[in-house]
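Please read the structure below before turning to the comments.
What follows is calculated from the coordinates using simple rules that are stated; it is not laboratory data. All values reported here derive from a predicted model rather than from experimental measurement. Every residue, glycine as well, gets a Cβ built from its backbone with ideal geometry; the counts of neighbours run over all protein chains shown.
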Amino acid sequence: MPHDCSFLSDVLDEPQVSFGESARNSHAGDWGTPEESRVVPDAVVFPEATADVSAVLEAANDRGVPVTPYAAGTSLEGNATPSHGGISMDLTRMNAVLDVRPDDFQIDVEPGIMGGAVDEEAAKYGLFFPPLPSSGDISTIGGMIANDASGMKTVKYGEVGDWVLELEAVLADGTVIETGSKGVKTSSGYNLKDLIVGSEGTLAVVTRATLELAGVPDQIRGGRAQFESLDDAAGAVFDAIRSGVDVATIELMDAESAMIANAYTGSNLPDAPMVFLEFHANHGIEEEIEFCKSIFEAHDVLRFEMAADEAAMADLWEARKDMAFALQSWDPDLTPLSPGDVTVPISKYPEIIEFAKRLAAEHDLLVPCFGHAGDGNVHYTVLVDDSDPEAVELGEKIYSNIVRRAIELGGTATGEHGIGLGKREYLDFEHGPETVEAMRAIKRALDPNDTLNPGKLFPETADGKRVRLEPN
């Protein structure tokens, strides 16, 4: 049922509210929302300050109107889809750098700023934001915080959440809170900051973030290694991490991924399993590279090459960075199903890769595997003919089996994309019903009317009905 959102005209200035069809349609889903799951909101709002966010949430909460935070729309699990209509809250106008304190290695930003813009500002002081994901140039800091995003450099620097020091956020009833500290550590009270990080906009809307920065390394080298088999490549990654190689990025790409990347970028990668590498150091980088090379040689590496300069390194990495776009354009008769995003303990990395490829071979389906190998993260997708219901059903079963196997190996259904709409069915399987009920209790306490991003995370809303989260 549509929601009456006419009250918004009394809450925000006219340019900040849209009931127009174009604006509403453009906020009906994110990158990961299939066409049949898109939901057109009843209104779109564009807050420009914390006070705007607070006023909208207070008014919407009082009227039982759901509010779904929205930023760049690059999430992949339907996280920003307004499942129950209501208001889509677009935060992209809140995109300012508020303050930079280079002596403290800190920057204060609004949630709608793109990650690349943060790095550009930090670079003026010889600093950078280390956990920026590969989609950082097209994703906002608020979205990264909401999903606790991570990327290629996680193996060395950790996730985005590890670099968030302090947050200003607005609760469902419009209450503005500050949590965390500009000190690099605090043991004061409940850790609400880390509770908000990764909550996918279901607990609060972030309106300001204090991020920690780091100095740009004096030495940066990148390269790639080619292997005879995928087992050799996965084993080399595990051995390198186990042996303590100080690598900033270590990415896996299987032969199918290389083939698809070549077709998209025009690159001339060999159709073979590869590992992409980047090293950061202030001294002794050549020794670390040699250490890594010696480990890879024990796994029958065919070729180990390092880029000569920064331009060559950018060329080297182009194919890996464009994989998401390459998959979409690979074959007009084949559609990629939901992007896989499992993470397992590093000792289980070769096993989950072998499991995925074995399923692909058994069912004669194309299942490219690539990802942030150094932290055990595998991105995969199943390519199927979406006009064939049986093929789609089989592809979805394979996708699900890989997720469940990752959880059985001690891993997770999602390393960085979040639960959103796409992975709700795995929450109980991964965490157990008691733990999920504890999560529900937190949601009930902070958002008793289920105002913020309803329909996400929890399996009980999987039937598409909005459930009022009453206490038991």
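Apply 1/(1 + (r/R0)^6) to the Cβ-Cβ distance of F7 and A438, taking R0 = 41 Å, and write down the FRET efficiency to the nearest 0.05.
Details: r = 34 Å, r/R0 = 0.84.
Computed FRET efficiency for F7 and A438: 0.75.
Stretch D173-D386 to full length: gain in nm at 0.36 nm per residue minus the Cα-Cα span? All intermediate terms of the calculation are to be shown ahead of the outcome.
Working: separation 213, 0.36 × 213 = 76.68 nm, distance 4.25 nm.
So the chain would gain 72.4 nm between D173 and D386.
What does the helix-only formula give at 222 nm for the chain: each DSSP H stretch with n ≥ 4 adding -39500 (n - 2.57), the total divided by the residues, and the result rounded to the nearest 500 deg cm²/dmol?
For the chain, the value works out to -10000 deg cm²/dmol.
Given a Förster distance of 35 angstrom, what is the FRET efficiency for A445 paired with E408, based on the Cβ-Cβ distance and rounded to 0.05?
After rounding, the FRET efficiency stands at 0.65.
In nanometres, what is the gap between the two model label sites at A263 and V216, each 7 Å from Cα along Cα-to-Cβ?
Rounded to a tenth, the inter-label distance reads 3.8 nm.
Could you compute the FRET efficiency for F19 and A308, with r as their C-beta to C-beta distance and R0 at 56 Å, rounded to 0.05? Write out the running numbers ahead of the final one.
Working: r = 56 Å, r/R0 = 0.99.
It comes to 0.50.
Tell me which trypsin sites (Lys or Arg not before Pro) from the range 144-215 have a DSSP coil assignment and no more than 16 other beta carbons within 10 Å of their own. Please list the in-between numbers first.
On the way: sites: K153, K156, K182, K185, K193, R208; in loops: K153, K182, K185.
The qualifying sites are K182, K185.
Which whole-number percent is the relative contact order of the range 217-321 (Cα, under 8 Å, 6+ apart)?
Taking the mean separation of contacting Cα pairs over the length of the range 217-321, I get 45 percent.
Run the numbers for S181 and E318: contour at 0.36 nm per residue of separation, minus the present Cα-Cα distance, in nm.
45.5 nm
How are the Cα pair distances of the range 313-368 distributed, in percent, across 5 Å bins from 0?
Values per bin, smallest distances first: 4, 14, 18, 21, 22, 15, 4, 1.
So which lysines can K185 reach, going by Cα to Cα under 23 Å and dropping same-chain residues fewer than 8 places off?
Hits, sequence-local ones excluded: K153, K156, K193.
Taking just the alpha carbons, could you work out the radius of gyration and Dmax for the chain, both in angstroms?
Computed over the Cα atoms of the chain, radius of gyration and Dmax are 22.4, 69 Å.
Suppose we keep just the alpha-carbon trace of the range 8-90; what are its Rg and Dmax in angstrom?
Final numbers for Rg and Dmax: 12.1, 35 Å.
Over the alpha carbons of the range 217-321, what is the largest minus smallest coordinate on each principal axis, giving the biggest first in Å?
Extents along the principal axes, in whole Å: 38, 30, 17.
With each pseudo-label sitting 7 Å past Cα toward Cβ, what's the D300-A96 distance in nm, one decimal?
About 6.0 nm, to one decimal.
Take the alpha-carbon positions of the range 113-260, form their convex hull, and give its projected area averaged over all directions (one quarter of the hull surface) in nm².
If you wrap the Cα atoms of the range 113-260 in a convex hull and average its projections, you get 11.5 nm².
Helix 230-242 sits at what angle to the longest principal axis of the chain, using alpha carbons and giving 0 to 90 degrees rounded to 10?
Roughly 80 degrees, rounded to the nearest 10.
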